[in-house]
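Read the figures in this text as sums done on the coordinates, not as results from a lab. Note that the coordinates shown come from a computational prediction; the quantities given were computed from them, not determined experimentally. Ideal geometry is used to build each Cβ from the backbone, glycine not excepted, and the neighbour counts take in all protein chains shown.
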Amino acid sequence: MSWNKKRGMPAIKRETIEIDAAGKVVGRLATHIAKLLMGKDQPGYIPHIDSGAIIKVSHAGQLVFTGKKMEQKVLFRSSNRPSGIKRLPVAKLLKERPEEVLLHAVKYMLPKNRMQSERLKRLIIV
C-alpha cells in the first residue's frame with residue numbers, strides 16, 4: 001500500500017504588510033506590529049507555529065510620543081559589567097537612529113521565547 005506521507009510542516013505563505021509610521025504613537029504602533037508578526041490577526045492562529053507576516057515600516061523618524069515621554073523616557077543597555085549601564089534619552093535616539101526606538105518597543109512587546117529573534121528579522125524599518 002502506498003500512503004501519502006507528508007513530513008514536516010507545510011510551507012507558510014507570508015504576506016507583506018507596509019505601514020506608514022508618520023504621526024503615529026509609538027506604543028500603539030508597536031502593539032499592532034507585534035500582533036501582525038505573531039500572526040494573531042489570522043483566523044488559524046496557533047501559538048507554537050510562527051505564521052506572522054513580513055512588516056515594512058516607513059517614516060520611522062516621524063513617530064510621536066504622548067505626554068512628557070520625549071523629555072523623560074530613557075532607554076537602558078547593559079554590558080553586564082560593573083558600572084556598564086548605558087542611558088540613552090529617547091529624544092536623542094529618535095534624532096540619531098529612529099528605527100532603534102521602534103525596534104526596541106516591538107521587541108519588548110513580543111513574547112520572550114525562541115521565536116522572538118526570528119520574528120524580529122521579519123520587521124523591516126526603512
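Observations
- Against the chain, whose longest principal axis is taken from its Cα atoms, helix 98-107 shows a tilt of about 50°.
- Of the three principal axes defined by the Cα atoms of the stretch 16-125, the extents in descending order read 44, 36, 21 Å.
- GNM top mover of Lys86, Lys35, Lys69 - the chain, alpha-carbon springs below 10 Å: Lys86
- Taking Pro82, Pro111, Pro47 as the candidate residues, the one with maximal mean-square fluctuation in a Gaussian network model of the chain, Cα springs under 10 Å, is Pro82.
- Principal semi-axes in Å for the stretch 1-51 [√(5λ), Cα gyration tensor, largest first]: 35, 11, 7
- Sparsely packed chymotrypsin sites (Phe, Trp or Tyr not before Pro) within the stretch 61-126, loop by DSSP, other Cβ within 10 Å at most 12: Tyr108
- Of Thr66, Val26, Met115, farthest towards positive along the dipole that unit charges on Lys, Arg, Asp, Glu beta carbons give the stretch 1-118: Met115
- 0 to 90° range, to nearest 10: angle between helix 26-38 axis and the chain longest Cα axis: 20
- Within the stretch 11-71, the GluC sites (Glu not before Pro) that combine a DSSP coil assignment with at most 14 other C-beta atoms in a 10 angstrom radius are Glu15.
- Karplus-derived 3J(HN,Hα) values for the stretch 108-119, using 6.51 cos²θ - 1.76 cosθ + 1.60 with θ = phi - 60°, are 7, 9, 8, x, 8, 8, 5, 7, 4, 5, 5, 5 Hz; glycine and proline are entered as x.
- Cross-link partners of Lys107 among aspartates and glutamates (Cα-Cα below 16 Å; sequence separation of 8 or more within a chain): Asp50, Glu99, Glu118
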